[in-house]
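Asks: Can you read through this structure? Questions will come right after.
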Amino acid sequence: MVTYKEIAEMIDHSLLKPTLTDQDIIDGCNLAKEYQVASVCVRPSDLPLCRQILAGSDVLLTTVIGFPHGTTTTKTKVAESAEAIENGAVELDVVLNIGKLRSGEYDYVADDLRAVISLAHEKGVLVKVIFENCYLSKEEIIKACEICNEVGADYVKTSTGYGSGGATDEDLKLMRQHAAPNVKIKAAGGVRTLERAIEVRRLGVTRFGCTATAGILERLK
């Protein structure tokens with residue numbers, strides 16, 4: 001049986017829906033503090049507010065870059081990353097350029113990610129690379145893992161949570177097989193129960209995005 005701490009430390013509490021109000025963000029950050037999760041993952045514009053709410057807590061502040069399609073230019077992703085770090089983000093979830101990957105433009109994808117990762121690592125900030133596996137073939141997922149190994153990503157992540165599918169067992173096994181041992185796995189999309197959290201943990205997942213945080217963790221109290 002897993003412990004409360006083991007599951008709580010896997011959770012990036014997700015506050016990314018475009019309709020969330022400031023009060024929703026405040027409530028979400030307070031929930032994250034109450035349940036002592038790993039981080040909150042918020043929209044870039046919410047970082048200053050969240051930084052205030054989370055001050056003095058152990059909950060990390062995460063935001064998304066190039067979200068949700070990954071098609072902004074490298075220059076824009078770097079600028080977005082720099083501003084996010086200035087506003088308190090210590091982890092960045094960046095979407096790779098899905099169309100360029102599917103076009104076989106692997107150097108473009110690598111250079112795009114490398115620019116963000118280089119900036120982030122200079123500031124001591126971790127980077128999770130979002131693949132959006134529901135749009136990719138197995139071969140493309142493997143290639144994305146290989147690129148992330150090459151450019152020094154800290155995590156590979158299954159999905160944004162806003163595509164047509166989320167984290168499947170098959171994809172998680174594939175990513176764990178082809179990501180370097182030092183590259184961690186984040187699941188996103190569909191981890192809504194304690195049972196599912198335990199299962200993805202067994203498959204090698206270190207973090208998972210979650211909106212059902214309270215429901216999962218209450219069962220372990």
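Asks: Within the range 167-190, identify whether any single residue is open to solvent by 30 Å² or more (accessible area, probe 1.4 Å), farther than 28 Å from MET1 by Cβ and touching a Ser or Thr at 6+ places or on another chain (Cβ under 6 Å), and answer yes or no.
Replies: no
Asks: Can you name every residue in the range 21-56 that is in contact with a Cys (Cβ under 6 Å, 6 or more places away or on another chain) and β-branched (Val, Ile, Thr)?
Replies: Listed by number, the residues that qualify are VAL40, VAL42, ILE53.
Asks: Give me the residue from the range 123-166 that is closer than 13 Å to VAL94 by Cα and among the charged types (D, E, K, R) and, out of that set, surrounded by the fewest Cβ atoms within 10 Å (Cβ to Cβ).
Replies: Within the range 123-166, the match that is surrounded by the fewest Cβ atoms within 10 Å (Cβ to Cβ) is ASP154.
Asks: Pairs only if they're at least six apart or on different chains, beta carbon under 8 angstrom, first in the range 98-115 and closer than 21 Å to GLU80 by Cα, second of a type in the set (Asp, Glu) and surrounded by fewer than 16 Cβ atoms within 10 Å (Cβ to Cβ); list them, first residue then second.
Replies: Pairs that qualify, where the first residue is closer than 21 Å to GLU80 by Cα and the partner is of a type in the set (Asp, Glu) and surrounded by fewer than 16 Cβ atoms within 10 Å (Cβ to Cβ), are ALA110/GLU150.
Asks: Now for a separate question. Which is at negative phi, touching a Ser or Thr at 6+ places or on another chain (Cβ under 8 Å) and among the hydrophobic types (A, V, I, L, M, F, W, C), of LEU101, LEU113, LEU119?
Replies: Sole residue among the options that is at negative phi, touching a Ser or Thr at 6+ places or on another chain (Cβ under 8 Å) and among the hydrophobic types (A, V, I, L, M, F, W, C): LEU119.
The values are calculated or read from the model by the stated rules, or taken from the named source; none is laboratory data. Given the structure is predicted, the values throughout are model-derived calculations rather than measurements. Here the Cβ is made from the backbone with ideal geometry for all residues, glycine too, and neighbour counts use every protein chain on show. Quick note on the areas: whole protein, heavy atoms, side chains included, nothing else; ligands and nucleic acids left out. Shrake-Rupley method; radii C 1.70, N 1.55, O 1.52, S 1.80 Å.
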